[in-house]
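Q: Starting off with a structure, shown below.
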Amino acid sequence: MNKRLLSGLAALAVVFSGTGTLPTETFDGFFLTANADTGKNTDFAYTVLDDGSLELFQYCGTDEDVTVPSVIDGKKVTSIGAHTFYSCPGLKSVTIPDGVTRIGDFAFYEITSIESVILPDTIETIGERAFRGCTSLKSITIPGNDTHIGYQAFRDCESLEKVILKDGVTLIGNQAFMYCTSLADITIPDSVTNINEYAFYVCKALTSVKLPDKLISIDDKAFAGCSSLTDITIPNSVTSIGNSAFSSCSSLTDITIPDGITRIRNYAFKGCSSLKDVTIPNSVTSIGDYAFSECESFEDITVPDSVTSIGNSAFAYCSKIKSFTVPDSVTSFGDSVFRGCTSLTDVKLPDGLTKLGEWMFGYCKSLESYTIPDSITSIGERAFEGCYKLTSITIPETVTSIGRGAFESCTNLASITIPKTVTSIGVSAFESCTNLISITVPDTVTSIGKYAFKDCIGLTDVKLPNGITSISSYEFYGCTSLTDITIPESVTDIGYAAFLNCTSLTSVSVPDSVTNIGEEAFGYYRDESLYYNDKSKKIEGFTIIGSPDSAAEFYAKENGFRFASFDSLKIIDEGSCGKNLTWSLNFVGTLYISGTGDMTNYATGNAPWYDKYHTDIKEVVIGNGVTSIGEGAFTGCEDLTEVKFPNSVKSIGKRAFAACKNLKSIAVPDSVLSIDDYAFASCTSLTDIKLSKRITSIEEGTFKNCTSLESITFPDSVEYIGSSAFESCASLKSIVIPNSVTGIGDYAFNVCKSLKYITVPASVKKIGEKAFGYHFIYDMDPDNDFKYDNVMFYGSKNTAAEKYAKDNGFEFTSLGNKIVDCGYCGVYSENNGENVTWALDSEGTLTIWGEGAMADYRSEETPWFGSCDDIKKVVVAGGVRSIGSHAFYKCNNLAEVKLPNNVKNIGTYAFCFCYDLESIYIPNSVEKISAYAFQDCKKLKEINLPDSVRDIGRNAFYGCTSLTSITIPNNVETIWEYTFCNCTSLSSVTIPNSVTNICRNAFDNCPKLKSITVPDSVKTIAINAFGYYIDKSYFTEKVEGFTIKGGKDSAAEKYALDNGFKFIAFDGNANRYPVVKSEVRGRQFRLKWTAVEGAEKYGIAVYQAGKWRVKVQVNGNVTSYTSPKVEIGTYKMVVCARVNGKWDTGSINQRAFTVKIA
């Protein structure tokens, strides 16, 4: 066929000069040549084909309802050519007459108004994209003579509800009905043998499909995303089901795979979350990658003996499968096969399997025990990661390697036996196995990776193999219970932070073989109060033992640790201190108490070591087996700085550590039931106390005159605080009494000169004389007492606390009818101590007050987290300067928050998942709102952001689905990733001139945000920053009609052009002209341009024969064009807008661009 087209049509070749003269050239392919075999009637331009019939190539009329004539100028119309009805605004219906056999490519492309097309039975071909984007088309009947439905023929016809394919159609082409989201009824005749790729992709309304008995193949993603599809029967004639053919068919409940199928391909049924029953025939030999992953309703599936191969993640995230038997016929078994099968408790693997693949059982949270088959030689990376209930694992002696993260986060695994066949343990292999108590690594192991035992907080001792030459970085990081480690003499290198944060490890012996010790290898701990700032501190009194002039000594001196040579540990004296107890003192001043039973009670100064050594003793180590610390045992040991208690000790006697003036901290284990009178009195350097959670009373004078003590946290077990228990603790600044306490004795906190804040719960029924708030004018004369000013009492109404405050003239602040819990929540500082306090009352009000910063917490570790559901209101008072990380995380019922003007920072995750929070006032003092601060506050409708705010972290307001408007403060420079992502009600955003960067997905999935104004200060806008939303099938879609306003040649204009959004410039003149971006692919080109306000149409003009001529017109709501194939050459083009009935041709030559087809 010689295809020659008339160009002398008003719709296609308007001369920009405005003369109205029609050119005489004709259209060949895309550009003009001379020809006479063309014509035009009133409404149609046509070409005469070789057989004498006509092919229409342009509709020139304006009717809404069009009937195509069967005859024009005595010649039959047999073909509707490419682009014939393209860009016909207002077209509602088209009737095509009998005799027409072909509808060309793009014939009705993106006619969004067309509702009805009637096709004759004579149609034999529907071309590529013929009806694509006809978003109002509701139904179509395709005659049987058309054997092939073309590529993307009806794609994006989102209103198409019903399709009838008549008998004779054999193939449904690639993407034929893709994104026909309203398609609910389709008739597929028996003649169809092939359904091509993406044919019904994301047809979300399709509920059932009857497939014909002669169907042979269902190609890749043919029905993927058909989320309403509940019923489909695959006939036995089908021999091939493609990759992802039914993926994300989330309503499909059962499927029978026909006998002819030999392969279940990759992703075939992935995400079929309602699928409960699948029948796999004996013909199947392989199950592909992700074939049934995320089939969340699966409870049972039978794999036949014919199957020899199961691919990666084949059954991953099938969360209801409880047991699974893999037949012995399977010889190829992929990675992650059962990953995320959270109900899986029992698995039988084939006998011949040699490797447990990566992530094989990762996050199988119900798996409690497992015996690895004897055929296995290696355990893959993360094979059991996140198996939280796993308590028992049997590793056979065939295994030679344990992979990276193999047992990471198996938090209930208490012990494990590593067989002597194992030679390597991978990175993070046992990381975060928090219940792992002990482990023996056999001598066959020659390498242990980084992080191997990181955060195994229950691990107390480890035996390392003699064959290893290095201890890797972070290998035992965070093993806070580790008390003993033996470094073998084969080790030459100890890596960075290898034993960092091992807070119970107070000494280590380093053999001479070690020549290198990395930074913070041991002797440091991570300061949890500054966790997010990654600060480390030294373990007080940490000792390194080694040889003189060794790497051990060098490390000790460089880091300021105590160093002891092997010789210095020699015992200088020893003796008895109980019926079955002995004592020994070494050269460096460490006193060991060893044996079993109770220590002897001594009068002050009568302990056997006192006379000769009381000024030489620097450390006391109580051995496991000692049950009591005798009275007066260490009284007056002035240089004692550290005491180590075992968990065997049950009691500490009177004056046991009194007047130990250099003792700075004490940690009393939970085994201790009682601490007797004056046990730690006059320990004037004592600043840090951790008390046993089992003591019921603080006895008389226990901590009296501990003048450096700034804060004390009482365990909930304490019921009584005795007389003078903390008297003369001159540095004590605040006191929070727990709910367990019922009585406070006389003078309990008397002469505490720095005491400002006192919180006493309603549980306290009796408060003794001068228990708080008094000091002596003359220290030696208790009768001359004086009341402090500015002491604040906090408590409940009508309680002993209120009565004491009023009787003694102190200011009292009520925290509600009843305090149900209270404590500290501040960052400890040298100047202020732990000076931020909290109390929760019975009405659900959480009050936080004091001076300084709140502590930063990890998720679910705040002191009030157990009562989170009870918290309805938060009041932060006075001098609190920051809201800590995770402070109110998951306080689901929190509805009201009051912040003071002192707050400068709102920490990460501070109000994350506070679902009931509807509004919050941010004071003008706030400078930073950290990442995730208000994420998923789903009811948050209103929030003010003052100009004091300089930084809003990533995800700060992610998922705030009720938030309707936001004004970014004037000092913010960057809008970080995902900051307002998923704010689905957000309709108004104001961006100030201070902003220079808008990061990826900042306003993604904000479907109600229809426009945004971007100032010229913005220099970069990242991918998906705005203008996109996520549909119900989790596909990214553009917000329809989204408009960006900004400056000419700005980042805003570039983003609009790159993403196909309407752009309106601040300068009206600048917005007269579309900004065009061109792209060439083969013999076709694609143009995209920015929108012009008021455009009725756009014209694509080509410069030819000394004149500009409009070759293509599109509607004013269209801002792109894809050409058919064109002749090789270089073409000068321009895009102009028609506004108020006139083409705007200003600066046309300056705006021209070239397209080169090679």
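The values are calculated or read from the model by the stated rules, or taken from the named source; none is laboratory data. Quick caveat: nothing in here was measured; it's all calculated off a predicted structure. Virtual Cβ from ideal backbone geometry, glycine too; neighbours counted across all protein chains shown.
Q: Phe324: in contact with a Leu (Cβ under 8 Å, 6 or more places away or on another chain), surrounded by fewer than 22 Cβ atoms within 10 Å (Cβ to Cβ) and either under 30 Å from Ser283 (Cβ atoms) or not assigned by TED's automatic domain parsing to the domain that holds Ile418 (or both), yes or no? Spell out how you get there, then give the answer.
A: Numbers: in contact with a Leu (Cβ under 8 Å, 6 or more places away or on another chain): yes; surrounded by fewer than 22 Cβ atoms within 10 Å (Cβ to Cβ): yes; either under 30 Å from Ser283 (Cβ atoms) or not assigned by TED's automatic domain parsing to the domain that holds Ile418 (or both): yes.
When the stated conditions are applied, Phe324 passes them.
Q: For segment 90-98, state whether one or more residues are surrounded by fewer than 16 Cβ atoms within 10 Å (Cβ to Cβ), in a loop (DSSP other than H, G, I, E, B), out of contact with any Leu (no Cβ under 7 Å at 6 or more places or on another chain) and acidic (Asp, Glu).
A: yes
Q: Could you check, for segment 349-363, whether at least one of its residues is of a type in the set (Lys, Arg), modelled with pLDDT under 95 and either more than 26 Å from Ser297 (Cα to Cα) or over 30 Å from the mean Cα position of the chain (by Cα) (or both)? Lay out the reasoning, then the answer.
A: Start the filter on segment 349-363 by keeping residues that are of a type in the set (Lys, Arg), which leaves 355.
Those left that are additionally modelled with pLDDT under 95: 355.
Right, trim to either more than 26 Å from Ser297 (Cα to Cα) or over 30 Å from the mean Cα position of the chain (by Cα) (or both) and you get 355.
Yes: one or more hits.
Q: Moving on. Check Ser428 against each of (1) within 23 Å of the chain's Cα centre (by Cα); (2) on the phi < 0 side of the Ramachandran plot; (3) modelled with pLDDT of 95 or more and name the one condition it does not meet.
A: (2)
Q: Here's a follow-up. Out of Val620, Val588, report the one residue that is buried (at least 20 other Cβ atoms within 10 Å of the Cβ) and under 55 Å from the mean Cα position of the chain (by Cα).
A: On the way: Val588 fails: buried (at least 20 other Cβ atoms within 10 Å of the Cβ).
Only one candidate qualifies: Val620.
Q: Considering (1) at pLDDT below 95; (2) farther than 27 Å from Gly879 by Cβ, say which one Asn739 fails and leave the rest.
A: (2)
Q: Out of segment 1139-1158, which residues are under 48 Å from the mean Cα position of the chain (by Cα) and among the charged types (D, E, K, R)?
A: Arg1151, Lys1156
Q: Taking segment 1075-1100 on its own, how many of its residues are assigned to a strand (DSSP E or B) and touching a residue at least 40 places away in the same chain (Cβ under 8 Å)?
A: Here the count works out to 10.
Q: Of all the strands (runs of 3 or more DSSP E) wholly in segment 846-944, which have at least 3 residues that are among the β-branched types (Val, Ile, Thr)? Walk me through how you get there before you give the answer.
A: On the way: elements: 873-876, 879-883, 896-898.
Strands (runs of 3 or more DSSP E) meeting the threshold: 873-876.
Q: A further question on this structure: Within segment 133-143, is even one residue among the small types (Gly, Ala, Ser) and either in contact with a Gly (Cβ under 6 Å, 6 or more places away or on another chain) or buried (at least 24 other Cβ atoms within 10 Å of the Cβ) (or both)?
A: No, every residue in segment 133-143 fails to be among the small types (Gly, Ala, Ser) and either in contact with a Gly (Cβ under 6 Å, 6 or more places away or on another chain) or buried (at least 24 other Cβ atoms within 10 Å of the Cβ) (or both).
Q: Which ones in segment 710-726 are under 43 Å from the mean Cα position of the chain (by Cα), of a type in the set (S, T, N, Q) and buried (at least 18 other Cβ atoms within 10 Å of the Cβ)?
A: Ser711
Q: Moving to a separate point now. Scanning for something in a strand (DSSP E or B), buried (at least 24 other Cβ atoms within 10 Å of the Cβ) and of a type in the set (Val, Ile, Thr), does segment 820-827 turn up at least one residue?
A: Scanning segment 820-827 turns up no residue that is in a strand (DSSP E or B), buried (at least 24 other Cβ atoms within 10 Å of the Cβ) and of a type in the set (Val, Ile, Thr).
Q: Take Ser692 and decide whether it is surrounded by fewer than 23 Cβ atoms within 10 Å (Cβ to Cβ), out of contact with any Lys or Arg (no Cβ under 7 Å at 6 or more places or on another chain) and of a type in the set (Gly, Ala, Ser). Break it down stepwise before answering.
A: Numbers: surrounded by fewer than 23 Cβ atoms within 10 Å (Cβ to Cβ): yes; out of contact with any Lys or Arg (no Cβ under 7 Å at 6 or more places or on another chain): yes; of a type in the set (Gly, Ala, Ser): yes.
Yes; evaluated as a whole, the condition is true for this residue.
Q: So, in segment 624-656, how many residues would count as being among the hydrophobic types (A, V, I, L, M, F, W, C) and either at pLDDT below 95 or over 20 Å from Thr696 (Cα atoms) (or both)? It would help to see each step written out before you state the result.
A: Our first condition is that a residue be among the hydrophobic types (A, V, I, L, M, F, W, C); within segment 624-656, this holds for 626, 629, 633-634, 637, 640, 643, 645, 649, 652, 656.
With either at pLDDT below 95 or over 20 Å from Thr696 (Cα atoms) (or both) added as a condition, the list becomes 626, 633-634, 637, 640, 643, 645.
The total comes to 7.
Q: Can you give me the number of residues within segment 672-690 that are closer than 23 Å to Asp639 by Cα and modelled with pLDDT of 95 or more? First the steps, then the outcome.
A: Looking only at segment 672-690, we keep the residues that are closer than 23 Å to Asp639 by Cα, and these are 675-690.
Remaining after also requiring modelled with pLDDT of 95 or more: 675-686.
The total comes to 12.
Q: So, one more: Tally time: how many residues in segment 751-767 are crowded, with 19+ Cβ neighbours inside 10 Å and within 19 Å of Phe812 (Cβ to Cβ)? Steps first, please.
A: Quick first cut of segment 751-767, residues crowded, with 19+ Cβ neighbours inside 10 Å only: 751-752, 755, 757-764, 767.
Pick out the ones that are also within 19 Å of Phe812 (Cβ to Cβ) and you get 752, 755, 757-764, 767.
Residues flagged as crowded, with 19+ Cβ neighbours inside 10 Å and within 19 Å of Phe812 (Cβ to Cβ) within segment 751-767 amount to 11.
Q: Condition test on Asn902, is it modelled with pLDDT under 95 and touching a Ser or Thr at 6+ places or on another chain (Cβ under 7 Å)?
A: yes
Q: Now, a different point. Scanning segment 304-321 for residues that are within 10 Å of Ile287 (Cα to Cα) and more than 35 Å from the chain's Cα centre (by Cα), which turns out surrounded by the most Cβ atoms within 10 Å (Cβ to Cβ)?
A: For segment 304-321, the residue satisfying everything is Val307.
Q: Among residues belonging to segment 55-89 that are among the polar types (S, T, N, Q) and not in a loop (DSSP other than H, G, I, E, B), point out the one that is modelled with the lowest pLDDT. Outline the logic, then answer.
A: The first filter runs over segment 55-89 and keeps only residues among the polar types (S, T, N, Q), leaving 58, 62, 67, 70, 78-79, 84, 87.
Those still in the list that are not in a loop (DSSP other than H, G, I, E, B) too: 58, 67, 78-79.
Numbers: Gln58: 79, Thr67: 94, Thr78: 96, Ser79: 94.
Here the answer is Gln58.
Q: Go through segment 149-163 and report how many residues are in contact with a Ser or Thr (Cβ under 7 Å, 6 or more places away or on another chain), part of a strand (DSSP E or B) and modelled with pLDDT under 95.
A: Summing the residues that are in contact with a Ser or Thr (Cβ under 7 Å, 6 or more places away or on another chain), part of a strand (DSSP E or B) and modelled with pLDDT under 95 in segment 149-163 gives 0.
Q: Identify, from the list Ala1105, Ala1091, Ala1101, Ala1056, the residue that is modelled with pLDDT under 85, among the aliphatic types (A, V, I, L, M) and within 28 Å of Pro89 (Cβ to Cβ). It would help to see each step written out before you state the result.
A: Working: Ala1105 fails: within 28 Å of Pro89 (Cβ to Cβ); Ala1101 fails: modelled with pLDDT under 85; Ala1056 fails: modelled with pLDDT under 85.
Only one candidate passes the filter, namely Ala1091.
Q: Taking segment 992-1003, which residues are crowded, with 20+ Cβ neighbours inside 10 Å and either at pLDDT below 95 or outside any loop (DSSP other than H, G, I, E, B) (or both)? Walk me through how you get there before you give the answer.
A: Filtering segment 992-1003 down to residues crowded, with 20+ Cβ neighbours inside 10 Å leaves 995, 998, 1001-1003.
Matches in segment 992-1003: Ile998, Asn1001.
Q: Now, a different point. Being within 14 Å of Val897 (Cα to Cα) and among the hydroxyl-bearing types (Ser, Thr, Tyr) is the filter; apply it to segment 831-877 and report the residue that is surrounded by the most Cβ atoms within 10 Å (Cβ to Cβ).
A: Filtering first and then ranking leaves Thr847.
Q: If you don't mind, another one. Just for segment 944-980: of the residues that are in contact with a Lys or Arg (Cβ under 7 Å, 6 or more places away or on another chain) and hydroxyl-bearing (Ser, Thr, Tyr), which one is surrounded by the fewest Cβ atoms within 10 Å (Cβ to Cβ)?
A: Within segment 944-980, the match that is surrounded by the fewest Cβ atoms within 10 Å (Cβ to Cβ) is Thr964.
Q: Output the residues belonging to segment 1116-1156 that are surrounded by 18 or more Cβ atoms within 10 Å (Cβ to Cβ) and assigned to a strand (DSSP E or B).
A: Hits for segment 1116-1156 are Tyr1121, Tyr1131, Met1133, Val1134, Val1135, Cys1136, Ala1137, Arg1138, Trp1143, Val1155.
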